[in-house]
Amino acid sequence: MRRYESVIILEPDMSEEDVRKFTDRYSQLIRTNNGEVIKIEDLGSRRLAYTVKRKDRGRYILLDYVGGPAVLKELERRLKISEDVMKFLSVKTADVVDLEAFKAQPEARPAEEPVKEAAAETPSESEAVDEEALKEEAQAESAGIREAQVPEEAVSSPAGVSDSGENSEASAAENRDKEGE
């Protein structure tokens, strides 16, 4: 089994109910082809970089799933003929994935997710201190980069100029030959 991610751009004027039906339909398709859906994320309506089907906005959906190549082939075939889909892109994120181990993970995942969401809503003092420390480190690194000096070996001298700053006759002759051509 392989792990895939597909980003699908839907028509921007689709209702929430239609989007839910769309994601349910395609997650069922993945399951019927011996795959497993890891997550479905609605990224919302966003402005497109260029117009697609005369629209400048689109509704982004992320599908993360595990399955064989047949799952991807069937999913993409159906996405191509769906009128709701403006564009899509599928990427293989992992070559070998153990489906049985993956099916065991979702049981532990729901317990972890609410904790992460609650933590994200109310940051603790240690997280605030960590953020400040990261900002200070980034500022120190950027200041260090600005102050860093280039070693003399890395600086190349112009053609025909020796380290002492004098022109050698051989280098000068080479320069004249190059200029004459």
What translational diffusion coefficient, to the nearest whole µm²/s, does the range 18-98 have by Stokes-Einstein, given a Kirkwood radius computed over alpha-carbon pairs, a temperature of 20 °C and 1.002 mPa s viscosity? 157
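With a cut-off of at most 15 other beta carbons within 10 Å, and DSSP calling the residue loop, which chymotrypsin sites (Phe, Trp or Tyr not before Pro) in the range 4-77 qualify? Please list them.
Working: sites: TYR4, PHE22, TYR26, TYR50, TYR60, TYR65; in loops: none.
Passing sites in the range 4-77 do not exist.
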Can you put VAL85, VAL97, VAL66, VAL52 in order, fewest other beta carbons within 10 Å first? VAL52, VAL97, VAL85, VAL66
Final fewest-first order of ILE30, ILE38 on the 10 Å Cβ neighbour count is ILE38, ILE30
Considering amide H positions built from the backbone, and no H for Pro or chain starts, which residues 5 or more places from GLY68, or on another chain, come under 5 Å of its amide H? ARG2
Once you put a point 7 Å from the Cα of THR93 and another 7 Å from the Cα of GLU74, both along the Cβ direction, what distance in nm separates them? 2.2
Please report, in debye to the nearest 20, how large the charge dipole of the range 2-97 is about its Cα centre when each Lys and Arg carries +1 at its beta carbon and each Asp and Glu carries -1 there. 340
Considering only Cα-Cα distances, which of the following residue pairs are longer than 19 Å: LYS21/LYS80; LYS55/LYS87; LYS55/LYS92? LYS55/LYS92
Expressed as a whole-number percentage, the relative contact order of the range 2-97 with C-alpha contacts under 8 angstrom and at least six residues apart is 49
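We did not get these values from a lab; they are worked out from the coordinates using the rules stated. Quick caveat, the model's predicted, so the values are computed rather than measured. Cβ: placed from backbone, ideal geometry, glycine included. Neighbour counts: every protein chain shown.
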